[in-house]
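Since every read-out is calculated from the coordinates, none of them should be taken as a lab result. This one's a predicted model, so the numbers in the text were calculated from it and none came from an experiment. Virtual Cβ from ideal backbone geometry, glycine too; neighbours counted across all protein chains shown.
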Amino acid sequence: MDIVSSLGSGFGVALQPYNLGLAVIGCFLGTVIGALPGIGPVNGIAILIPLAFSLKLTPIESMILLTSVYYGTMFGGRISSILLNIPGDAPAVMTCLDGYPMALKGRAADALAISAISSFVGGTLATIGLTICAPLLASAAIYFGPPEYFALFVLAVVAVGGVGTGNPAKTLIAGILGLVLSTVGIDPASGVPRFTFDSFELYDGIDFVVAAIGLFAISEFLMFLTDREGGQGKRLPVGQIRSSFRDLIFPAATLRSSALGFVIGVLPGAGATMASFLGYTLEKKLSDKDGTFGKGDPRGVAAPEAADNAAAGGNLVPMLTLGIPGSGATAIMLGMLVTLNIQPGPLLFERQPELIWGLVAALYVSNFILLVMNIPLVGVFARLLTIPTRYLMPFVVVVSYVGVYSISNSPFDLLLMTLFGILGFVMRKMGFSMIPLVLGMLLGGPMEQNLRRAMQASGGDWAILVQSPLSVGLHVVSIAMIAAAVTFELRGRRRARAAAAP
Amino acid sequence: MSDRIVGAGLILLAAWYGWAAGEYEAPFADPLGPAAFPQLLAPVVAGLGLWLVFRPDPEPDWTGGRVLVLQAVSVGLMLAYALLIVPAGYLLCTTILAAALAALLGARPLPAAASGAAVSVGTYVLFTWGLELSLPGGTLFAGS
């Protein structure tokens, strides 16, 4: 078996003491980031990227650190859902529904243990799925030339951003604006500086890390000012686990939700939040015979947690194999890889198998670390929840600034980051999704280069873009996704108007 | 209304973007020079801007008043931080920024100042000793 031997050598990489140490640190930080309301997976990972650069980590080391943070946030989100009834991050919303009622009944420790176990199962099954699916998808690499890559990037930017999340025109605008921003700087093909306003700070283009931290972390602070009345909830005590181990596992609910979560994660445009929502809904439909869901049913805790951890693993499949991330957190990780001069995609499997397989092995390891870390240390994480947000949020802002300054030493980047913070705030308020913007900034460069390479090959004949069945297929998918989003939106409007009329 | 303003802004942006791109020329024969990709994007941006002008979403809930002032002050602080970090030094700027932001979020003056100093010194120690990065010491005051 090819996969088994590759994975074996991957474990050789992942289990080196330094990498193992990074995974432990990443898991810890990730759980903390996930648990604290106000820092979600996306801005948590974004502010840690400068740390990875400062430590001069190699690509594989940075990826181990960031993916264990990523898996960790999925574990951490549930803690504040259960103890505070405030989701630590977006996917943990569904865990509040049954987790908090369990805690009210004094079964907080049980709820935490159940969710830790189902998170572990979901994460591990998704990693197995990734191990099997990724090489299959990557073997499609030989069919990809410049026109196909161009079509793939169009699909990623135009259609992936968010299906069914608000106004499709705004999603498209965000994606295209990202592409516009990606053209700032010296054009790599001709050496012509573009849209730089003769400012040499912009010659290198807009640094992706600066934009991402501004858009997510700084705007979070500005958002927080608008609804800070929510304030601190009252934390319930953790207590002791009362049930036996057998009563803490719900195999049917966990397996169903894991499978569902993984599939949703692999599909572009749908992330962990949708997975946990659908996982909960499915479980409720199938097993809520006595109306106990929403009143502290443990299956209502197991299902969404398995689904969101599985989706996190599933999200890595398109990111690693095709270079198109399906979620904000994977987009940020892709950005870091690109900054380190690694372009994920089909070729990565052939050129740097040790990176891919080391990473995959590290995912198994971090899932295990997270399970081991989360059961005994849950009290420690719970205590962190008592840090008042009015001290926590300024700390996040400061770390964002120091992080960016430490990699660029440029006050200009700090100004730019603040401007992106304002942009992010306005976009959020007006219902623009920020993920397409980030994707556009990331993929705009390779998209333009592949377009130009294709045109060079054809001598300027645009027909080359639609000459292979694969590229036609990809374009058709893009158009279909836009059309679906538009009809969905129009129908929604018509219904809203019908409801408004008497 | 907000959507219409943004839509109009996008149309103007697209016009400038497409026009500015026209100036760029490759120094050698290239079927698709540096101008082409931006010129492809510009009409798309303009079209989507038009869409927003004619089909705006319901007005978002802009919180005005006190919150707006708080936001303006915090953005002002952040911009000042970016401009002053090199001349005034990391420790001073960061203490003030973290303390002021905490105060804006409702912390009392003394705990806010204490948390600002703690965050500033803590991150300074972490970054300069732990990660061996140099943060600006400040040139505004003699000696440092």
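The table below gives the values:
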| item | result |
| --- | --- |
| Most to least packed among B:82-95, B:26-39 [average Cβ atoms within 10 Å] | B:82-95, B:26-39 |
| Separation of alpha-carbon centers, region A:376-453 and region A:297-339, rounded to whole Å | 18 Å |
| Stretch gain in nm, segment A:ARG246-A:SER139, where the contour uses 0.36 nm per residue and the Cα spacing is subtracted | 34.4 nm |
| Exposure proxy order (Cβ contacts within 10 Å, fewest to most) of A:LYS295, A:LYS429, A:LYS289, A:LYS170 | A:LYS289, A:LYS295, A:LYS429, A:LYS170 |
| Peptide-level mean, for B:91-103, of C-beta atoms on other protein chains within 10 Å | 3 |
| Normalised per residue, the volume of the convex hull around the Cα set of region B:2-54 (Å³) | 46 Å³ |
| Kirkwood-based Rg to Rh ratio, region A:2-493, C-alpha trace | 0.96 |
| Simple spin-label estimate for B:MET1 and A:LEU340 in nanometres, 7 Å along Cα-Cβ | 4.9 nm |
| Rounded if a/c under 1.5, otherwise prolate or oblate - region A:385-502, Cα gyration tensor axes | oblate |
| Loop-located chymotrypsin sites (Phe, Trp or Tyr not before Pro) in region A:260-348, at most 16 other Cβ atoms within 10 Å (DSSP) | none |
| Per-residue average of Cβ from other chains inside 10 Å of B:15-25 | 2 |
| Projected label distance in nm at A:LYS105 and A:VAL372, using a 7 Å step from Cα toward the beta-carbon | 3.3 nm |
| Mean Cβ count within 10 Å, highest first, over the residues of peptides A:483-491, A:57-65 | A:57-65, A:483-491 |
| Length gained when the stretch A:LEU347-A:ILE132 is fully extended (0.36 nm per residue, less Cα-Cα span) | 75.7 nm |
| Sequence-distant lysines (8 or more away, or on other chains) whose Cα lies within less than 17 Å of A:LYS170 | A:LYS429 |
| Helix A:272-287 axis, angle to chain A major axis (alpha carbon atoms, nearest 10°) | 40 degrees |
| Footprinting exposure proxy for A:VAL69, A:VAL317, A:VAL13 (fewest neighbouring C-beta atoms within 10 Å first) | A:VAL13, A:VAL317, A:VAL69 |
| Globularity index of chain B, i.e. its alpha-carbon radius of gyration over 2.2 N^0.38 Å | 1.62 |
| Exposure proxy order (Cβ contacts within 10 Å, fewest to most) of A:ARG351, A:ARG497, A:ARG299 | A:ARG497, A:ARG351, A:ARG299 |
| Region A:1-58: C-alpha pair distances exceeding 15 Å, % | 62 percent |
